Amino acid sequence: MAEHFHALTVAEVVPETDEAVSIRFTVPPELTETYRFKPGQHVTLMGIVDGEEVRRNYSLCIAPADGALKVTVKRIAGGAFSNWANDNVKPGDKLAVMPPHGSFTVPFAPGNARRYVAIAGGSGITPILSLIRTALETEPASRFTLFYGNRDSRSIIFLEALAELKDRYMGRLELFHFLAEEAGDVPLFNGMLDAQRCAEAVDQLVPDTGAVDAWFICGPGPMMDAAESVLLERGIERGRIHIERFTAGRPSAGEAAAIARVQQQAAGQTIAVTLDGRTRQIAFDGGNILDSARKAGMPAPFACKAGVCATCRAKLVSGTVEMAANYGLTDEEVAEGYVLTCQSVPTSEGVTVDYDV
Ligand code: FES
């Protein structure tokens, strides 16, 4: 088994829609602690598809209190792993699963009386369902509002689970469905959650934006960008806006050229890397710190290699680096000195990174 992964047995495969399945894993007692998670976190799955190793991150759709480990995998057009998983995975199979990680979460506590709002699109509901369940269950005085965008009612993942939560936590969960290709009576809900609709929805349905303690956004890239700018335009502090991205846009030609210059300058430099309690001096390969460490035989963890998932997170202990992209770290993590090693290039001598903290 590749480093950092464990082979977990698939206990159950549940079709959620025509295009998505949930996969529940059995976690053996000796790994219970390793697979404990916070609501909103994800796991990396690894499979061999057409002879090639493929790694993908999937959010856990259950609440930690549910005592299970379950992800939802939605088919993506041309998506190697998602189509393979939808077509092939069955109970009894063993899949390589990395322990949960990710920072798309906030601390929940029974004494809190908070107001949460989530804006989700498609399979972006997965981590948000986990957050909603946890908030409503753990914090009896908290309220949650969800805007959920989909193509049509057939493609809504967790339609019933959400309706049940709404019934169970009467008055504490507000649920608004937005359908791009299906018209209902209320014009506001007919269409995609683009910037204009998001703005109207926030203004009409969440007039008390200042009272919202945390906003959660997860879905297709353009929807997340639109939702984020709508919230920022309304003066909402960045620290209250939590965004979970699973794909990244391409850097502009100018950005790519700038990072290529830094890579060239740093090629051959010695960097110190700590992993699993051992520190080694290795040569920077002219690409990024993650690849340099792996080429030197260190099993540094990764999934997306696109600056999105934060699986390759390490702490910069000394020296300076430049990140080509960072969609995966929060502002606090950056302030604490964490970097995404798959995106990091040394910009000084004496760079030391530590994967263990
Ligand atoms: S491997 Fe995903 S951010 Fe680096």
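From the list ILE236, ILE271, ILE217, which one is at pLDDT 95 or above and part of a loop (DSSP other than H, G, I, E, B)?
ILE236
None of ARG143, ARG154, ARG114 is free of Cβ contacts under 8 Å to residues at least 60 places away in the same chain and either surrounded by fewer than 18 Cβ atoms within 10 Å (Cβ to Cβ) or not assigned by TED's automatic domain parsing to the domain that holds CYS309 (or both) except ARG143. Residue pairs whose Cβ atoms lie under 8 Å apart, sitting 6 or more positions apart in sequence or on different chains, and linking a residue in region 300-315 that is among the aromatic types (Phe, Trp, Tyr) to a partner that is near the ligand (Cβ under 6 Å from one of its atoms), are PHE302/THR311; PHE302/CYS312; PHE302/CYS342.
Kindly indicate whether any position in region 240-249 is within 16 Å of the ligand (Cβ to nearest atom), under 28 Å from VAL54 (Cα atoms) and of a type in the set (A, V, I, L, M). Within region 240-249, one or more residues are within 16 Å of the ligand (Cβ to nearest atom), under 28 Å from VAL54 (Cα atoms) and of a type in the set (A, V, I, L, M). Cβ-Cβ distances below 6 Å connect the following pairs, each with a first residue in region 14-32 that is under 15 Å from PRO100 (Cα atoms), a second residue that is among the small types (Gly, Ala, Ser) and assigned to a strand (DSSP E or B), and a separation of six or more residues or different chains: ARG24/ALA11; THR26/ALA11. Each residue in region 199-214 was checked for being touching a helix residue (DSSP H, G or I) at 6+ places or on another chain (Cβ under 9 Å) and among the small types (Gly, Ala, Ser), and 3 of them qualify. For region 293-303, taking the residues that are near the ligand (Cβ under 10 Å from one of its atoms) and of a type in the set (A, V, I, L, M), the one that is nearest to VAL97 (Cα to Cα) is identified as ALA303. In the set LEU193, LEU188, LEU131, only one residue is part of a helix (DSSP H, G or I), of a type in the set (A, V, I, L, M, F, W, C), closer than 30 Å to GLU332 by Cβ and not assigned by TED's automatic domain parsing to the domain that holds SER59; that residue is LEU131.
Quick one: would you say SER103 is of a type in the set (Gly, Ala, Ser), assigned to a loop (DSSP other than H, G, I, E, B), outside the structural domain of ASP331 (by TED's automatic domain parsing) and surrounded by 18 or more Cβ atoms within 10 Å (Cβ to Cβ)?
yes
Of the strands (runs of 3 or more DSSP E) lying entirely inside region 1-74, those carrying at least 2 residues that are charged (D, E, K, R) and within 15 Å of ALA85 (Cα to Cα) are 6-17, 52-59, 69-74. In this entry, THR44 passes the filter for residues that are closer than 17 Å to ALA306 by Cβ and touching a strand residue (DSSP E or B) at 6+ places or on another chain (Cβ under 6 Å).
Taking the numbered list (1) loosely packed, with under 13 Cβ neighbours inside 10 Å; (2) in a helix (DSSP H, G or I) in turn, ALA201 passes all entries but (1). Check region 59-67 and report whether any residue there is in contact with a Leu (Cβ under 7 Å, 6 or more places away or on another chain), polar (S, T, N, Q) and under 23 Å from THR134 (Cα atoms). No; the residues of region 59-67 include none that is in contact with a Leu (Cβ under 7 Å, 6 or more places away or on another chain), polar (S, T, N, Q) and under 23 Å from THR134 (Cα atoms).
Looking across region 321-346, the residues that are away from the ligand (no atom under 14 Å from the Cβ) and closer than 20 Å to ARG294 by Cα come down to GLU322, PRO346.
Being among the aliphatic types (A, V, I, L, M) and either more than 14 Å from the ligand (Cβ to nearest atom) or touching a Ser or Thr at 6+ places or on another chain (Cβ under 6 Å) (or both) is a property that does not hold for ALA306.
Of all the criteria given as (1) farther than 25 Å from HIS242 by Cβ; (2) without any contact (Cβ under 8 Å) to a residue 60 or more places away in the chain; (3) of a type in the set (A, V, I, L, M), the one not satisfied by VAL73 is (1). Within region 263-280, being crowded, with 16+ Cβ neighbours inside 10 Å and more than 14 Å from VAL317 (Cα to Cα) holds for GLN263, ALA266, GLN269.
Among all positions in region 272-292, there is at least one residue which is outside the structural domain of TYR58 (by TED's automatic domain parsing) and within 9 Å of the ligand (Cβ to nearest atom).
The values are calculated or read from the model by the stated rules, or taken from the named source; none is laboratory data. This one's a predicted model, so the numbers in the text were calculated from it and none came from an experiment. For neighbour counting, all protein chains shown are included, and Cβ atoms are generated from backbone atoms with ideal geometry for every residue, glycine included.
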